[in-house]
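Single-structure report; data block below.
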Amino acid sequence: MEDDLADLFLRASKRIRRHQVGMLAPLGLTPSQARALRTLVDAGEPLRMVDLAESLGVVPRSVTTLVDALEESGLVTRAPDPSSRRSLLVRPTGEGRAVRERMAGTRREAAREVLSPLSDEQRETLRDLLTVIDRAAD
């Protein structure tokens, strides 16, 4: 039973991710880039590269690749941290914030499509259960 539950959960997660990949493609973003941009915009202030890496749970050199792509797309800028010349601050541009808004709708739509077979009550129950699991991880 537990294996079936884990398999079902992973398949549903993968289905949501596939939908998101398809919906993010027109924005020119991968899911990892979208997550980095979401983290930067939601932070409300510029983040040091090392802090962004920590927030994303990746090694700093991995975040460099993400930020390179976002910067090339005009969605973020990098500048030296005035308090530490060895650090770089990353901040979203106006276009980056606009793309973040479009992404929010894209994520909701992808989840809505995958969860559409569920009733409103079932979706609420699922949300409650996932919240319990998420809080236990903290």
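The values are calculated or read from the model by the stated rules, or taken from the named source; none is laboratory data. Everything quoted here is computed from the prediction, not taken from an experiment. Every residue, glycine among them, receives a Cβ derived from its backbone with ideal geometry; neighbour counts consider all protein chains shown. With ligands, DNA and RNA removed, areas are computed over all heavy atoms of the protein, side chains included. Shrake-Rupley method; radii C 1.70, N 1.55, O 1.52, S 1.80 Å.
Leaving out ligands, DNA and RNA, and with a 1.4 Å probe, what % of the accessible surface on the stretch 1-58 is carbon or sulfur?
Numbers: 2000 of 3740 Å².
Here it works out to 53 percent.
Using only the alpha-carbon atoms, how far is helix 94-115 inclined from the longest principal axis of the chain? Give it as 0 to 90 degrees, nearest 10.
Taking Cα atoms only, the helix is inclined about 10 degrees.
Using only alpha carbon pairs under 8 Å that are at least six residues apart, calculate the relative contact order of the stretch 56-133 and give it in whole percent.
Values: 39 pairs, mean separation 13.6, N = 78.
Relative CO of the stretch 56-133 lands at 17 percent.
Taking only the alpha-carbon atoms of the stretch 27-91, what semi-axes of the equivalent ellipsoid follow from 5 times the gyration tensor eigenvalues under a square root, in whole Å, largest first?
Working: eigenvalues 62, 31, 24 Å².
Those come to 18, 12, 11 Å.
What whole-number value in Å² describes the accessible area per residue of the stretch 4-138 for a 1.4 Å probe?
Numbers: 9000 Å² over 135 residues.
Using a 1.4 Å probe on heavy atoms only, each residue of the stretch 4-138 averages 67 Å².
With runs of 4+ DSSP H residues as the only contributors, calculate the mean residue ellipticity of the chain at 222 nm using -39,500 (n - 2.57) per run, divided by the residue total and rounded to the nearest 500. Numbers along the way, then the final one.
Details: 6 runs with 97 residues, N = 138.
The helix contribution divided over the chain gives -23500 deg cm²/dmol.
Springs between alpha-carbon atoms under 10 Å, Gaussian network over the chain: tell me which of D128, D42, D81 tops the mean-square fluctuations.
D128
Have a look at Q20, Q33, Q122 and tell me which one the Gaussian network model of the chain (Cα, springs below 10 Å) gives the largest fluctuation.
Result for the chain, Cα springs under 10 Å: Q122 fluctuates most.
Return a whole-number percent for the relative contact order of the chain, with Cα pairs under 8 Å and 6 or more residues apart as the contact set.
Numbers: 122 pairs, mean separation 33.6, N = 138.
Result for the chain is 24 percent.
Give me log10 I(q)/I(0) at q = 0.12, 0.15, 0.16, 0.19 Å⁻¹ for the stretch 1-58, Debye formula, one equal scatterer per alpha-carbon, no solvent.
-0.43, -0.61, -0.67, -0.80
Using R₀ = 35 Å, calculate the FRET efficiency as 1/(1 + (r/R₀)^6) where r is the Cβ-Cβ separation of A6 and T65; round to 0.05.
Numbers: r = 31 Å, r/R0 = 0.88.
Once the sixth-power term is evaluated, E becomes 0.70.
When the chain is modelled as a GNM with alpha-carbon springs shorter than 10 Å, which of V59, V99, V114 fluctuates the most?
Comparing V59, V99, V114 in a Gaussian network model of the chain, the most mobile one is V59.
Work out how far the C-alpha atoms of the stretch 83-133 reach from end to end along every principal axis, then list the three figures in whole Å, largest first.
Result, largest extent first: 52, 26, 12 Å.
Once the whole set of protein chains is in place, how much accessible area is left on T131, using a 1.4 Å probe, in Å² to the nearest 10?
Surface accessible to solvent at T131 totals approximately 50 Å².
Normalised by the empirical 2.2 N^0.38 Å for globular proteins, what value does the Cα Rg of the chain take?
Values: Rg = 17.4 Å, N = 138, 2.2 N^0.38 = 14.3 Å.
In units of the globular-protein estimate, the chain measures up at 1.21.
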